[in-house]
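Undergrad: Take a look at the following structure, please.
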Amino acid sequence: MAQKKPEPVAREAYEKLADSYAARAPTKPHNAYYERPATLSLLGDVAGKRVLDAGCGPGIYAEELVGRGAEVVGLDASGRMVELARERLRGRAEIYRANLEEPLAWLEDDSFDLVVSALAMDYVENWGVPLAEFYRVLRPGGRLVFSVEHPTFKFVEQVYEGEGSYFETALGGMEWRGFDERVWMPSYRRPLGAMVDAILGAGFVFGGMLEPRPDERFREADPEEYERLNRMPGFLCFMGRKPLSA
């Protein structure tokens, strides 16, 4: 008898807050005025390009990318998020339910120009699986852009004096209070070196990283949090490129 595969670590939490997330994230400062502008700034011109949105949530990025002229395929592990993304896109993008911790065998080799993954890799224990799949489905010269919570932020928020180590990869989490209900959101923390090693280990040419700062709209929405995020980073964005030839 085949062993049952474990549930994605954050699926239950995202199922609970999916509708609230879909309603609030388009204008929530941490998303709209901080992480999203930073990640989008790294994508460049996407017109005419085929883009994989890995961990698409309710389709906010997919909608933006389609509006910029891209052909988009979105994936998410949450069934409710997939429903919301399909409602948002109304047939303008292909949206599927898929677990990034498993091979995406149904996606063809060398079939995308760009892979974007916004704040989804924090819920994956072994980055080797999704990064290998991103590499496989990208065309030679194709690019990967993804964002995560900054390892410094995760260490400060999840590890207290005498508990754990920055240098280990471990399951932690925190209570999310920015939506209609409080939800315990589990996620993995890992050191910066492990992140870079995983990208290089998958075969990507490392394209650098961005430690963004919130934009001025964040200051207007939440001055106190704006000042805090200008002292300690909350997010981190990575760039990678599949070589033109092996």
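Undergrad: Mind telling me which of the residues Glu83, Glu64 ends up being among the acidic types (Asp, Glu), closer than 20 Å to Ala38 by Cβ and not in a loop (DSSP other than H, G, I, E, B)?
TA: Glu64 is the lone residue from the list that is among the acidic types (Asp, Glu), closer than 20 Å to Ala38 by Cβ and not in a loop (DSSP other than H, G, I, E, B).
Undergrad: Of all residues in region 37-76 being closer than 26 Å to Glu211 by Cα and acidic (Asp, Glu), which is surrounded by the fewest Cβ atoms within 10 Å (Cβ to Cβ)?
TA: By that ranking, first place goes to Asp45.
Undergrad: Look at Val66 and say whether it is over 17 Å from the mean Cα position of the chain (by Cα), touching a residue at least 12 places away in the same chain (Cβ under 8 Å) and at negative phi.
TA: Here the answer is yes, as Val66 does meet what is asked.
Undergrad: Now, a different point. Considering only residues that are closer than 30 Å to Asn126 by Cβ and open to solvent by 50 Å² or more (accessible area, probe 1.4 Å), which ones fall in region 208-225?
TA: Within region 208-225, Met209, Leu210, Glu211 meet the criteria.
Undergrad: Go through region 177-207 and give me each residue that's modelled with pLDDT under 95 and surrounded by fewer than 13 Cβ atoms within 10 Å (Cβ to Cβ).
TA: Arg177, Asp180, Glu181, Arg182, Trp184
Undergrad: Gly79 is checked against (1) closer than 23 Å to Leu104 by Cα; (2) surrounded by 24 or more Cβ atoms within 10 Å (Cβ to Cβ) and fails just one. What number does that condition carry?
TA: Only one criterion is unmet by Gly79, namely (2).
Undergrad: Would region 116-128 turn up any residue that is free of Cβ contacts under 8 Å to residues at least 60 places away in the same chain and among the hydrophobic types (A, V, I, L, M, F, W, C)?
TA: Taking every residue of region 116-128 in turn, none turns out to be free of Cβ contacts under 8 Å to residues at least 60 places away in the same chain and among the hydrophobic types (A, V, I, L, M, F, W, C).
Undergrad: Let me spell it out: the conditions are (1) touching a strand residue (DSSP E or B) at 6+ places or on another chain (Cβ under 7 Å); (2) more than 27 Å from Lys242 (Cα to Cα), and Ser165 meets all of them except one. Which number is the exception?
TA: Ser165 satisfies every listed condition except (1).
The values are calculated or read from the model by the stated rules, or taken from the named source; none is laboratory data. Treat the numbers as computed from the prediction; the structure is a model and nothing was measured. Cβ: placed from backbone, ideal geometry, glycine included. Neighbour counts: every protein chain shown. The accessibility values were calculated without ligands, DNA or RNA, using every heavy atom of the protein model including side chains. Shrake-Rupley method; radii C 1.70, N 1.55, O 1.52, S 1.80 Å.
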